[in-house]
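Remarks on the structure that follows.
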Amino acid sequence: MPIQVMVLSACLDSTLAHAVLAAYLFAILDERSWRQLKKLPALLPSPLVAGTLNVLLYYALPGEDLIRFWVGTLSATLGCTLWTRWAWRLGFWRALSAVSMAGIFQVALSALTQFLFSSVFIDNAGLQFAAVIAITCAIVLLCTALLYRLGFGRRFRLLLEEGPSPRRMALLLYSLVCVIEAAYLLHRGVHSEFFALYYLMVLAAVGLAAGLVLYLAQLLDAARKMEAQRDVIVQQQLYERDLEAIRREVRTFRHDYKNLLAGLSEQADEGELDQLRAALSELDAGFDRRIGEKIRASTQLGNVRVPQVRSLLLSKLAAMGQKGIDCRLEALYPVETVGMDVWDFTRCLGILLDNAAEAALETDTPWVEIVLLSQRGRLSLRVSNPYAGTIEPDKIWAEGFSTKGEGRGLGLAGYQRILAGYANAASSTSWAEGVFVQELTVEDRA
């Protein structure tokens, strides 16, 4: 066979495999935006390199099918990982995890495709190719629709972004896909009458891999909900502490009330109006400072009626207060819904508050202002803080970039990935005169 035909055939086969892998990647990463399709052409170099490399190794290492297979697989995995890292702005290990998970589903389909090529319309190559492609497309569409329907991508994304170790997870999933790849190689030695049993074993392996991911995601979600319950308990304790502080301040004020009135009455009798006004102003300011601020803070928190959001705010405000950050919260109207998955919203809010607190601590007078406004089916969040450094607009959203050193800067990239799944959410960033502002607007879903 001419080398040009071999290269073309190898590249076509690799392109089809990459197309299936890309379809599964969209489902696994819970991608719902058509904008991401614009980045698909950048994936084309991967099958071209993998196909060409396979043909070159065919001539360089004749008879070494196993070596050629694994080298081609490794090159394709690396190419897909680099593309996924660029397309979804993921770190290398997270991208490898996503590609490995998609590869598990893709390899299982490859085994079925090989069986179809060996048993369907053997006497008619054209009809055989059309039939196999049609069946493959139908299965891919059905599987991706099922993954979306079951919310597999949302759970996998949770594990991907909040799992304890992206590297360990990537190596685990890559090991699983290697095992299934090895099982795929065995189909060449399986007798046709046992192929159904063989394929059931492959499907069982894929099901176990998917079940493992769902189980780990469920454990992580359960731990997160347990933490939220602990936050609710802390919230109640903070409420009780603030109420007790208010009661003590009121008792103290009542105790001093008669003495204050006596002093004011004497100033009024002597006609010292200017001193009387100054004393009344000081009295009002002192009361507002000692009691009014606590009452306003409790009222603002009381307007946040989403338990997960309220508990997060309480824990973050308490932590910032311990660090000496002046915290200001405004929630003038009741916030009862957030217009998106409540856990996604709390993750976004936590990222913005953490970044604001870290930046504020680098200034002489650290403060963070949080505004929640819920009106007419729209929730607006505004987080402001002082910032002493310089802003690089092209880099702040890139994963791994941070002004605070290596190994940081994962927050805002994750924040953008979360919002990419919600067409009803929009974010904006601004900075002027030393103040950095992050805004998030979420419309209620119909």
All positions within region 155-183 that are at pLDDT below 85, among the small types (Gly, Ala, Ser) and either in a helix (DSSP H, G or I) or closer than 17 Å to SER110 by Cβ (or both): ALA182, ALA183
Residues of region 415-431 classified as open to solvent by less than 10 Å² (accessible area, probe 1.4 Å) and not hydroxyl-bearing (Ser, Thr, Tyr), total: 1
Considering residues of region 371-390 that are open to solvent by 40 Å² or more (accessible area, probe 1.4 Å) and touching a strand residue (DSSP E or B) at 6+ places or on another chain (Cβ under 9 Å) only, the residue nearest to ALA331 (Cα to Cα): LEU373
Cβ-Cβ under 6 Å pairs, at least 6 apart or on other chains, region 172-183 side in contact (Cβ under 8 Å) with a residue 24 or more places away in the chain and among the basic types (Lys, Arg), far side surrounded by fewer than 21 Cβ atoms within 10 Å (Cβ to Cβ) and not in a helix (DSSP H, G or I): none
Meets criteria (under 21 Å from PRO307 (Cβ atoms), touching a residue at least 12 places away in the same chain (Cβ under 8 Å), not in a strand (DSSP E or B) and not β-branched (Val, Ile, Thr)) for LEU379: no
Candidate set from region 432-446 (those that are surrounded by fewer than 18 Cβ atoms within 10 Å (Cβ to Cβ) and part of a strand (DSSP E or B)); member that is modelled with the lowest pLDDT: ALA432
Hits in region 137-154 - residues which are assigned to a helix (DSSP H, G or I) and of a type in the set (Gly, Ala, Ser): ALA138, ALA145, GLY153
When residues of region 76-94 are limited to those that are at pLDDT 85 or above and farther than 21 Å from VAL140 by Cβ, the one farthest from the chain's Cα centre (by Cα): LEU78
Any hit, region 360-370, residues being under 26 Å from ALA222 (Cα atoms) and either open to solvent by 60 Å² or more (accessible area, probe 1.4 Å) or assigned to a helix (DSSP H, G or I) (or both): no
Residue count for region 403-420, restricted to those that are of a type in the set (D, E, K, R) and at pLDDT 70 or above: 1
Of all residues in region 21-36 being modelled with pLDDT of 85 or more and not in a loop (DSSP other than H, G, I, E, B), the one that is surrounded by the most Cβ atoms within 10 Å (Cβ to Cβ): LEU25
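The values are calculated or read from the model by the stated rules, or taken from the named source; none is laboratory data. Fair warning: this is a prediction, and the values are worked out from it, not measured in the lab. Heads up, the Cβs are rebuilt from the backbone with ideal geometry, glycines too, and the neighbour counts pull from every protein chain shown. Keep in mind that these areas ignore ligands, DNA and RNA; they rest on the heavy atoms of the full protein, side chains included. Shrake-Rupley method; radii C 1.70, N 1.55, O 1.52, S 1.80 Å.
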